[in-house]
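Chemist: Have a look at the structure that comes next, please.
The values are calculated or read from the model by the stated rules, or taken from the named source; none is laboratory data. Being a predicted model, the structure only gives us computed values, none of them experimental. Cβ coordinates were reconstructed from backbone atoms using ideal geometry, including for glycine residues, and neighbour counts include every protein chain displayed. In case anyone asks, the SASA skips ligands and DNA or RNA and just uses the protein heavy atoms, side chains included. Shrake-Rupley method; radii C 1.70, N 1.55, O 1.52, S 1.80 Å.
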Amino acid sequence: NAAWSKSRCSITANVTTAPDGTMTADKLLNNGIIDSAGYTGQNVTWLAQPYVGSLFVKAGEINYVTLDFVDSGGFVVAARTTVNLATGVITSAGSSVSAAHQLPNGWWRVIVGGVPLAGAGTLRISLPSDATAGTGGIYLWGAQLEAGSVATSYIPTLPTFTSRESIGTYFDVAGVMQTAAVNAVRNDYDPVNHISKGMLLEGAATNLLVYSEQF
């Protein structure tokens, strides 16, 4: 998508199975130039507050990825995490929050966090900038950026939601029943991998039993 800028790289869409079981994971491909990092990123406007970014990544021909926050001049500000996707070892961490959580089928959820300088910037996903790069690439899915210092469960980009006239219940990522307010979107979570399956939509219904919570 054009929302993601590309430099010295290309993207091939929907080439492998994502962590949620759909064929929606993309491949970030290096342009083949050694000592020149290919990267993609999405522009954001930073506030002087904590942010945490996360990304599901899987090794392809390349085993390393870097996730960082950069300012308008392209300089890393407050946050960088580089992960060996073959082992999950964090080889470089320049942030207050750096982690790599293992998932099935070779996927890792890479997390980075920190407090950037206020102003224009980018959440950037980079391939190695040394001889470990070469040709080929890595697989990407489920990029997320949120205010705070803890990465929550993956929140998909939802389709347009109009309204719901009443409160609604749903089970959260931990399997605990929660209540959503009127007109608030509810996510439906897979009980095994704890990834959102998307918006929870149910047909309209009315409970014909009065005082249903007062036995």
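Chemist: Heavy-atom accessible area of Thr12 with all protein chains present, probe 1.4 Å, nearest 10 Å²?
Modeler: We get 60 Å² for Thr12.
Chemist: How much length is gained on full extension from Leu209 to Ser72, taking 0.36 nm per residue of separation minus their Cα-Cα distance?
Modeler: Between Leu209 and Ser72, full extension yields 43.4 nm more.
Chemist: Compute the Cα gyration tensor for the range 1-74, then decide on rounded, prolate or oblate, letting a ≥ b ≥ c be the square roots of its eigenvalues: rounded whenever a/c is under 1.5, prolate when a/b is larger than b/c in the other cases, and oblate in all that remain.
Modeler: Here the range 1-74 falls in the oblate category.
Chemist: Relative contact order of the chain, please, whole-number percent, based on alpha carbon pairs below 8 angstrom and at least 6 residues apart.
Modeler: Value for the chain: 22 percent.
Chemist: What size of dipole, in debye to the nearest 20, comes out for the chain about its Cα centre when the only charges are +1 on Lys and Arg C-beta atoms and -1 on Asp and Glu C-beta atoms?
Modeler: For the chain, the charge dipole is close to 320 debye.
Chemist: Kirkwood Rh, Cα Rg: Rg to Rh for the chain?
Modeler: Computed over Cα atoms, the ratio is 1.05.
Chemist: Would you work out which of Pro191, Leu209, Ser7 lies farthest towards the positive end of the dipole of the chain? Charges go on Cβ: Lys and Arg +1, Asp and Glu -1.
Modeler: Looking along the dipole axis, the top candidate is Ser7.
Chemist: So what is Rg over Rh here for the range 45-128, counting just Cα atoms and using Kirkwood for Rh?
Modeler: 0.99
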